[in-house]
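What follows is a short report on a single structure.
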Amino acid sequence: MTGFKPVKRMMDSKNQYVHRFGHYIAYLLQYRTMMESMVSKELKGKFKYTALGYFWHLLNPLSQIVIYYFIFTVIFGKDIPNYWVYISTGMFAFTFINSCITGGCNIIVSNKNMVTKMAFARETLIFSKVLSGLVTLTISYVILAVLMLITGTGPTWCIVFIPILAICMAVFCTGIAFILSAATVYLRDIANAVGIIMGCMMFAIPIFYVASQRATPLMETIWSINPLYYYIECIHDVFYAGVVPDMMYMVVCIIVAPIVFVIGLFVFKKLERGFAERL
């Protein structure tokens with residue numbers, strides 16, 4: 001039986017990590033009411049003191065789709081069928097990612113009184129930011145799907161992949177937000193740099209253009225190392241092309257998300273120890 005000791009140690013280590021993960025989930029669930037309150041506050045706060053209130057959550061994506069249709073179908077992009085669908089699918093996803101990452105940068109700093117004076121799981125601030133963005137993203141895609149049905153442009157049954165992709169994007173963005181929010185506490189320049197990077201990123205991935213029409217060795221290299229490219233292209237496949245997304249791309253989306261999340265959480269917990277001193 002001595003030959004099985006390495007296997008036993010490996011299994012014991014695995015069980016230990018599973019046990020610790022279970023404890024961490026139970027720890028976070030203690031703050032679920034707090035997260036629900038923060039998500040509600042985030043969604044209400046955008047349109048506080050407005051006459052239409054929550055109705056703006058419907059009007060905003062609807063107005064964007066109308067603008068995309070007018071600009072990229074009536075004025076430009078006449079040679080690309082249903083260009084407004086292509087633009088909308090990519091922009092909604094990118095807006096969600098951008099909101100989570102850039103908004104997540106300052107989430108700890110902007111809530112410094114709460115962080116320094118209250119005992120709670122600080123990562124719930126990031127979770128709340130991402131969840132509120134996920135609600136907005138869901139509303140946007142529902143409206144887009146309804147308009148596609150009305151105009152006869154789709155969607156197909158392949159939209160069943162959208163929830164999987166949305167969850168993967170949320171997990172990925174949460175991991176990135178963990179790292180950036182914690183790092184910004186120590187160096188405030190990071191938030192400004194991230195804003196510039198995300199502005200450039202919008203043109204570095206196929207949102208306003210079709211990837212096959214701009215494929216060069218340089219662009220293909222840039223796309224291959226950018227996880228956002230895989231998410232955007234899978235969503236284009238599902239919504240615009242109406243086909244099953246490239247399985248290799250899906251694998252990348254599914255694998256990268258938890259890896260980035262775990263790394264982000266590890267970095268966040270390590271840097272969290274100095275928050276009080278730095279804030």
If you check TYR209, TYR230, which single one turns out to be under 29 Å from TYR24 (Cβ atoms), open to solvent by less than 40 Å² (accessible area, probe 1.4 Å) and without any contact (Cβ under 8 Å) to a residue 60 or more places away in the chain?
TYR230
Determine if the range 147-166 includes at least one residue that is surrounded by fewer than 14 Cβ atoms within 10 Å (Cβ to Cβ), β-branched (Val, Ile, Thr), in contact with a Gly (Cβ under 7 Å, 6 or more places away or on another chain) and in contact (Cβ under 8 Å) with a residue 12 or more places away in the chain.
yes
Checking the structure you have, find out if any residue of the range 137-150 is over 23 Å from LYS269 (Cβ atoms) and polar (S, T, N, Q).
yes
With (1) open to solvent by less than 20 Å² (accessible area, probe 1.4 Å); (2) charged (D, E, K, R); (3) at pLDDT below 75 as the list, and GLU123 as the residue in question, which single condition is left unmet?
(3)
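Could you check the range 84-135 and list, in sequence order, the residues that are aliphatic (A, V, I, L, M) and part of a loop (DSSP other than H, G, I, E, B)?
MET118, ALA119, ALA121
Applying the selection to the range 235-265, what residues are over 19 Å from the mean Cα position of the chain (by Cα) and surrounded by fewer than 20 Cβ atoms within 10 Å (Cβ to Cβ)?
Hits for the range 235-265 are ALA241, GLY242, VAL243, VAL244, ASP246, MET247, MET248.
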From the list LEU58, LEU52, LEU43, exactly one residue is closer than 28 Å to PRO227 by Cα, of a type in the set (A, V, I, L, M) and either open to solvent by 50 Å² or more (accessible area, probe 1.4 Å) or modelled with pLDDT under 75 (or both). Which is it?
LEU43
State all residues of the range 230-246 that are modelled with pLDDT under 95 and either out of contact with any helix residue (DSSP H, G or I) (no Cβ under 8 Å at 6 or more places or on another chain) or of a type in the set (Phe, Trp, Tyr) (or both); if no residue qualifies, say none.
PHE239, TYR240, ALA241
Quick check, is SER140 among the polar types (S, T, N, Q), open to solvent by less than 30 Å² (accessible area, probe 1.4 Å) and assigned to a helix (DSSP H, G or I)?
yes
Filter the range 266-275 for residues that are of a type outside the set (A, V, I, L, M, F, W, C) and either open to solvent by less than 60 Å² (accessible area, probe 1.4 Å) or farther than 28 Å from ILE108 by Cβ (or both); the one that is farthest from the chain's Cα centre (by Cα) is GLY274
All conditions in (1) touching a residue at least 60 places away in the same chain (Cβ under 8 Å); (2) of a type in the set (Val, Ile, Thr); (3) within 30 Å of TYR31 (Cα to Cα) are true of THR89 except (3)
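The values are calculated or read from the model by the stated rules, or taken from the named source; none is laboratory data. Computed from a predicted structure; not experimentally measured. Virtual Cβ from ideal backbone geometry, glycine too; neighbours counted across all protein chains shown. Heads up: the accessible areas ignore ligands, DNA and RNA and are worked out on the full protein's heavy atoms, side chains in. Shrake-Rupley method; radii C 1.70, N 1.55, O 1.52, S 1.80 Å.
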